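A.B. asks: One structure coming up, written as structure tokens, with questions to follow.
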Amino acid sequence: MTPEMRHTYAIGDIHGCREMLERLLALIKPQRERDTVVVLGDFINRGPDSLGTVELLRRQQRLYRHFLVLRGNHEQMLLDYLAGRNREIFLANGGQATINSYLGGHGDSAPEDDSWLPPEHRDWLAALPCSYENEHGIFVHAGLQPGVHISQQSRHWLLWARQEFLETDHDFGKPVIFGHTPFKTAHITRNRIGIDTGAVYGGRLSCVVLPEEQIISV
């Protein structure tokens, strides 16, 4: 990597594994004023420290000029939970671990109210975008619908896409960098790069450096 080149660092699903994220950030060392960092969503639920992960990401956004955090389906599940929709789905998909991390303990039931989540965290989560595009690629949590312009993509495809996206050979104009679907190692094809390598399932937390398509994992 030449020092004058602008790079994009895209980070896969963290799922509350704050310590792994800290180690990865220390390893990749992006340039604060020049490079772009994109976190591809699903940074909460399942893992041990969703609160610490959110706080770390918010600190990084204050430190870096271009540090973007995208919404994943797990963040959407939390927002739905807070709105009184599908509350059981959030809890059944690792949401209890998120609540426990905010309350500083362990438990197997949800509080009666939602005061456990600070208002500033709720507002920050609600404002997260579902996609980002720059000269290096199109960045989403789950995938894109083939043949549909990025500006017309539905939230369902951006947050939940799976097999139809994974099987398409559609040319989206740029590589699509995504998480959501865990692979043992980074999934790289002509039109997409999947970098969820199962950090919370005993795998690794991975980052792709663009435009070189270099994979860095911890």
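The values are calculated or read from the model by the stated rules, or taken from the named source; none is laboratory data. Not measured: the values here are computed from a predicted model. Every residue, glycine among them, receives a Cβ derived from its backbone with ideal geometry; neighbour counts consider all protein chains shown. Please note that ligands, DNA and RNA were not included when accessible areas were found on the heavy atoms of the full protein model with its side chains. Shrake-Rupley method; radii C 1.70, N 1.55, O 1.52, S 1.80 Å.
A.B. asks: Take ASP196 and decide whether it is surrounded by fewer than 16 Cβ atoms within 10 Å (Cβ to Cβ) and assigned to a loop (DSSP other than H, G, I, E, B).
C.D. replies: Numbers: surrounded by fewer than 16 Cβ atoms within 10 Å (Cβ to Cβ): no; assigned to a loop (DSSP other than H, G, I, E, B): yes.
Here the answer is no, as ASP196 does not meet what is asked.
A.B. asks: Residues being among the hydrophobic types (A, V, I, L, M, F, W, C) and assigned to a strand (DSSP E or B): count how many of those fall in the stretch 199-218.
C.D. replies: Number satisfying all stated conditions: 6.
A.B. asks: Now a separate question. For the stretch 127-165, give me each residue that is touching a Pro at 6+ places or on another chain (Cβ under 9 Å) and either in a helix (DSSP H, G or I) or among the hydroxyl-bearing types (Ser, Thr, Tyr) (or both). Working first, answer last.
C.D. replies: First pass over the stretch 127-165, keeping only residues touching a Pro at 6+ places or on another chain (Cβ under 9 Å): 135-138, 164-165.
Answer for the stretch 127-165, where residues must be touching a Pro at 6+ places or on another chain (Cβ under 9 Å) and either in a helix (DSSP H, G or I) or among the hydroxyl-bearing types (Ser, Thr, Tyr) (or both): GLU164, PHE165.
A.B. asks: I'd like to verify a number: residues in the stretch 182-193 that are part of a loop (DSSP other than H, G, I, E, B), open to solvent by less than 40 Å² (accessible area, probe 1.4 Å) and more than 21 Å from LEU21 (Cβ to Cβ), how many?
C.D. replies: 1
A.B. asks: Could you tell me which of the residues GLU75, GLU88 is among the acidic types (Asp, Glu) and within 15 Å of HIS15 (Cα to Cα)? Spell out the reasoning first.
C.D. replies: Details: GLU88 fails: within 15 Å of HIS15 (Cα to Cα).
None of the other options fit; the residue is GLU75.
A.B. asks: What residue, among those in the stretch 83-102 that are among the hydrophobic types (A, V, I, L, M, F, W, C) and under 18 Å from the mean Cα position of the chain (by Cα), is farthest from THR53 (Cα to Cα)? Lay out the reasoning, then the answer.
C.D. replies: Taking the stretch 83-102 as the starting set, the residues that turn out to be among the hydrophobic types (A, V, I, L, M, F, W, C) are 83, 89-92, 97, 99.
The next check asks that each one be under 18 Å from the mean Cα position of the chain (by Cα); those that pass are 90, 97.
Numbers: PHE90: 18, ALA97: 13 Å.
Within the stretch 83-102, the match that is farthest from THR53 (Cα to Cα) is PHE90.
A.B. asks: Okay, next question. If you take the residues of the stretch 159-192 that are in contact with a helix residue (DSSP H, G or I) (Cβ under 9 Å, 6 or more places away or on another chain) and aliphatic (A, V, I, L, M), which of them is nearest to GLN76 (Cα to Cα)?
C.D. replies: Of everything passing the filter in the stretch 159-192, LEU159 is nearest to GLN76 (Cα to Cα).
A.B. asks: Going through ALA161, ALA126, ALA199 one at a time, which residue ends up being closer than 17 Å to VAL38 by Cβ, among the small types (Gly, Ala, Ser) and at pLDDT 95 or above?
C.D. replies: Every option except ALA199 fails the conditions.
A.B. asks: Kindly list, by first and then second residue, each pair from a residue in the stretch 133-157 that is within 18 Å of ILE195 (Cβ to Cβ) to a residue that is of a type in the set (D, E, K, R) and crowded, with 22+ Cβ neighbours inside 10 Å, limited to pairs with Cβ atoms under 7 Å and residues at least 6 apart or on different chains.
C.D. replies: Between residues of the stretch 133-157 that are within 18 Å of ILE195 (Cβ to Cβ) and residues that are of a type in the set (D, E, K, R) and crowded, with 22+ Cβ neighbours inside 10 Å, the close pairs are HIS141/ASP42; HIS141/ARG71.
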